[in-house]
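The values are calculated or read from the model by the stated rules, or taken from the named source; none is laboratory data. Since we're looking at a predicted model, the values are computed, not measured. Note: ideal-geometry Cβ built from the backbone for every residue, glycine included; neighbour counts use all protein chains shown. Just the protein is used for accessible areas: all its heavy atoms, side chains included, with ligands, DNA and RNA removed. Shrake-Rupley method; radii C 1.70, N 1.55, O 1.52, S 1.80 Å.
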Amino acid sequence: MSRLILVLGDQLSETLSALKSARKGEDTVVMAEVADETAYVRHHPKKIALIFAAMRKFAQTLKEDGWTVAYTQFDDTDNAGSIVGELLRRAEQFEAQEILATEPGEWRLINALKYAPLKVHILPDDRFIASHKEFEDWAEGRKQLRMEYFYRDMRRKTGLLMEGDQPAEGKWNFDHDNRKPAPDEITFEGPLRFEPDDVVNDVLDLVDARFANHFGALRPFWFATTRAQALEQLDHFVAHGLAKFGDFQDAMLNDNRFLYHGLVSTSLNIGLLTPLEVCAAAAKAYDDGKAPINAVEGFIRQIIGWREYVRGIYFLEGADYASRNALGHTRDLPQVYWGGATGMNCMAKAVGQTQEEAYAHHIQRLMVTGNFALLAGIDPTQVHEWYLAVYADAFEWVEAPNTVGMSQFADGGIIASKPYVSSGAYINRMSDYCKSCSYSVSKKTGEGACPFNLLYWHFLDRHRDRFSNNARMGNMYRTWDRMDEERRETVLTEADALLSRLDAGESI
Ligand SMILES: Cc1cc2nc3c(=O)[nH]c(=O)nc-3n(C[C@H](O)[C@H](O)[C@H](O)COP(=O)(O)OP(=O)(O)OC[C@H]3O[C@@H](n4cnc5c(N)ncnc54)[C@H](O)[C@@H]3O)c2cc1C
Ligand code: SF4
């Protein structure tokens, strides 16, 4: 009996469960570039190019390895336009009775497969360290689902940075040594930039012709699109960037977009790399004395800790997670997120680099664009859709918990024990943005006062009922309450005026 093996654009791993369960020579692998997947949000052109180019190359690798692959290009005239449509068409063509699929990374597609008029077997995605069952068991009966404890279990499970049953160098977490302000000089030259080959150039022409109206610059395009390139990118980072990853993980600079970051999320999230091999490469650098514990532990924690944890939350919480809005925020996403003019240098830099690179590092996403959206009370669904569209590494299982949960507190505190909000002082400490801003970070009110300073207090004031009893926020409220009443009035009035200008579509 002939079967179809579905391989999605973020499932480009030869070890994929659907491929492992398939019969080479008998079953047909189905891969398709479909309109529906480019349109549920208006993805950045670089993201579409990354996925299509990597899919085409992966299909070629499978063919060379002896697989029969039915590949549909975006412009093929008989392209059905959706994953289920393509499966129906191919099932008829190959007289296939059954479909094997690895679980997609979002509820939208899981449900599309579940309710398709086809016999689809959905297999677990075992490219992760924790299965759904393991995460559910860990979460069972806990009042709070704190990442740190889950992470320790993942350390024990993988044996990474373990000395017997104890953590290497006696501590689970070395963040105390990390998070230094921006350095004067960056010694890492940044990620490798891969020259587009013929396959990439064909895809770039296609994306240029069909998606030029999406937000973001298509060229220059240099992402890794094969496993070999992804491994090269990883080796380059481990050899030259990793040692200082921890120190400057949270720093931001006007003139350096990548600092000591790995740029491995795109490759990890589409399946070119596995989380364990990325962590093993970092752990080896530690064992070889090439990178210190604070850097390697910090890096590994992001992957076997945060990455696995957010996936666990996404699947544990269910299909409505991405639409939650615990704080009742309803303001429309302002134009500054789409490159609209602004005097706020930090926002201009974070959005500008997002537009050009389809990349911003964690602190830019969390403490600049995320912080501003939260302080300004933007509708979290719009914020979620923005992050899902504009980053090349954005897939709902990882993006939604980071945005809706960690960044916007819209899940009511499942991921974050307090909202990630700050005034301009934090951005000033961690970056050189404020030095070239038209606002003054030291001004709390009046002409030229930093918008983060005004909105920070406005946020705390309007959510007092929810947060004033939060033990981790007591100091913030005490500081606010100590200000004299007139000053508090001025802050709130000026913040309201700022928000009215945003609502009127004015640039700020
Ligand atoms: C609002 C918001 C949205 C985000 N959306 C995404 C997203 O769509 N896709 C995505 O992969 N990451 C997302 N992140 C997490 C993080 O910003 C990116 O993983 C990271 O910037 C990727 O760049 P890098 O490879 O250079 O990472 P590095 O800084 O070099 O970190 C190494 C790796 O750790 C993993 N990692 C680090 N932090 C996280 C995290 N919080 N959650 C999951 N994995 C993490 C990534 O795989 C990353 O490649 C988001 C964070 C925030 C605050
Ligand atoms: S002054 Fe405020 S708006 Fe300007 S860069 Fe600093 S934090 Fe951003």
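Hey, could you check the stretch 300-331 for residues that are more than 15 Å from the chain's Cα centre (by Cα) and of a type in the set (Phe, Trp, Tyr) and say which is most open to solvent (accessible area, probe 1.4 Å)?
315
Among the numbered criteria (1) open to solvent by 20 Å² or more (accessible area, probe 1.4 Å); (2) at pLDDT below 95; (3) in contact with a Gly (Cβ under 9 Å, 6 or more places away or on another chain), which one does residue 257 miss?
It is condition (2) that residue 257 fails.
Among the candidates 391, 387, 359, single out the residue that is surrounded by 23 or more Cβ atoms within 10 Å (Cβ to Cβ) and without any contact (Cβ under 8 Å) to a residue 24 or more places away in the chain.
Working: 391 fails: without any contact (Cβ under 8 Å) to a residue 24 or more places away in the chain; 359 fails: without any contact (Cβ under 8 Å) to a residue 24 or more places away in the chain.
Just one listed residue meets the conditions, 387.
Taking the stretch 351-382, which residues are within 11 Å of ligand 1 (Cβ to nearest atom) and closer than 16 Å to residue 424 by Cβ?
Result: 363, 364, 366, 367, 368, 369, 370, 371, 373, 374.
Restricting to the stretch 424-462, name every residue that is of a type in the set (Gly, Ala, Ser) and either near ligand 2 (Cβ under 8 Å from one of its atoms) or open to solvent by 40 Å² or more (accessible area, probe 1.4 Å) (or both). I'd like the intermediate steps shown before the answer.
In the first step, residues of the stretch 424-462 are kept if they are of a type in the set (Gly, Ala, Ser); the result is 424-425, 431, 436, 438, 440, 442, 446, 448-449.
Once the filter is applied, which keeps residues that are of a type in the set (Gly, Ala, Ser) and either near ligand 2 (Cβ under 8 Å from one of its atoms) or open to solvent by 40 Å² or more (accessible area, probe 1.4 Å) (or both), the stretch 424-462 yields 424, 425, 431, 436, 438, 440, 442.
Residue-wise test of (1) closer than 18 Å to residue 456 by Cα; (2) at pLDDT 95 or above; (3) within 16 Å of ligand 2 (Cβ to nearest atom).
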residue	(1), (2), (3)
369	yes, yes, yes
379	yes, yes, no
388	no, yes, no
394	no, yes, no
401	no, yes, no
408	yes, yes, no
413	no, yes, no
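Within the stretch 112-142, work out how many residues are aliphatic (A, V, I, L, M), part of a helix (DSSP H, G or I) and under 21 Å from residue 101 (Cβ atoms). Working first, answer last.
Restricting attention to the stretch 112-142, the residues satisfying the condition of being aliphatic (A, V, I, L, M) are 112-113, 116, 118, 120, 122-123, 129-130, 139.
With part of a helix (DSSP H, G or I) added as a condition, the list becomes 112-113, 139.
Now drop any that are not under 21 Å from residue 101 (Cβ atoms), which leaves 112-113.
So the count comes out to 2.
Residues 499, 492, 460: which one is within 23 Å of residue 339 (Cα to Cα) and of a type in the set (A, V, I, L, M)? Working first, answer last.
Values: 492 fails: within 23 Å of residue 339 (Cα to Cα); 460 fails: within 23 Å of residue 339 (Cα to Cα).
Only one candidate qualifies: 499.
Only one of these is within 23 Å of residue 154 (Cβ to Cβ), within 16 Å of ligand 2 (Cβ to nearest atom) and not small (Gly, Ala, Ser): 250, 255. Name it.
Details: 255 fails: within 23 Å of residue 154 (Cβ to Cβ).
One residue alone meets the criteria, 250.
So, restricting to helices (runs of 4 or more DSSP H) that lie completely within the stretch 213-323, which ones have at least 1 residues that are within 25 Å of residue 369 (Cβ to Cβ), free of Cβ contacts under 8 Å to residues at least 60 places away in the same chain and touching a helix residue (DSSP H, G or I) at 6+ places or on another chain (Cβ under 6 Å)?
Numbers: elements: 227-240, 265-270, 275-287, 293-300, 308-317.
Per the criteria, 265-270, 293-300.
Of all residues in the stretch 27-52, which are assigned to a loop (DSSP other than H, G, I, E, B) and open to solvent by 30 Å² or more (accessible area, probe 1.4 Å)?
To start, the set of residues in the stretch 27-52 that are assigned to a loop (DSSP other than H, G, I, E, B) comprises 27, 33-34, 40-44.
The answer is 40, 42.
Count, please, the residues in the stretch 406-433 that happen to be part of a helix (DSSP H, G or I) and more than 9 Å from ligand 1 (Cβ to nearest atom). Even if it seems obvious, please write down each step before you answer.
At the first step, the residues of the stretch 406-433 found to be part of a helix (DSSP H, G or I) are 406-407, 424-430, 433.
The next check asks that each one be more than 9 Å from ligand 1 (Cβ to nearest atom); those that pass are 424-430, 433.
Number satisfying all stated conditions: 8.
When you scan the stretch 332-356, how many residues do you find that are out of contact with any Ser or Thr (no Cβ under 9 Å at 6 or more places or on another chain) and open to solvent by 50 Å² or more (accessible area, probe 1.4 Å)?
Adding up the residues that qualify gives 4.
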